[in-house]
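Please read the structure below before turning to the comments.
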Amino acid sequence: MRKNLKDARQKAGMTQKEVAEYLGISERYYRFIENGERKGDFELWDALEELFQMSQRLLREISSN
């Protein structure tokens, strides 16, 4: 799981559906990204970095929890 990504989303008060809509992708695909099951493309990570004002390097980290 990408805990930093999930934490950033929750801190922003957003649901997975809202983030997916912002990115123009399905909620299911976003869920896969947040769970660490999909990588996502560079444009997506650029958008997430801008949305959450957090380095995509941190957002991309996958924790073992």
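The values are calculated or read from the model by the stated rules, or taken from the named source; none is laboratory data. The structure displayed is predicted, hence computed values, not measured ones. Cβ placement follows ideal geometry from the backbone for every residue including glycine, while neighbour counts extend to all protein chains displayed. Remember, those area values only see protein heavy atoms, side chains included, never the ligands or the DNA or RNA. Shrake-Rupley method; radii C 1.70, N 1.55, O 1.52, S 1.80 Å.
Remark: pairs (first residue in the stretch 49-60, free of Cβ contacts under 8 Å to residues at least 24 places away in the same chain; second residue among the hydrophobic types (A, V, I, L, M, F, W, C); Cβ separation under 6 Å; 6+ apart in sequence or on different chains) = Q56/W45. Annotation: of all residues in the stretch 6-17 being under 20 Å from E61 (Cα atoms) and assigned to a helix (DSSP H, G or I), the one that is most open to solvent (accessible area, probe 1.4 Å) is K11. For the stretch 18-41, a residue qualifies if it is open to solvent by less than 50 Å² (accessible area, probe 1.4 Å), touching a residue at least 12 places away in the same chain (Cβ under 8 Å) and part of a loop (DSSP other than H, G, I, E, B), and the qualifying residues are I25, G36. Selection of the stretch 42-64 for residues being assigned to a loop (DSSP other than H, G, I, E, B) and open to solvent by 80 Å² or more (accessible area, probe 1.4 Å) yields Q53, E61, I62, S64.
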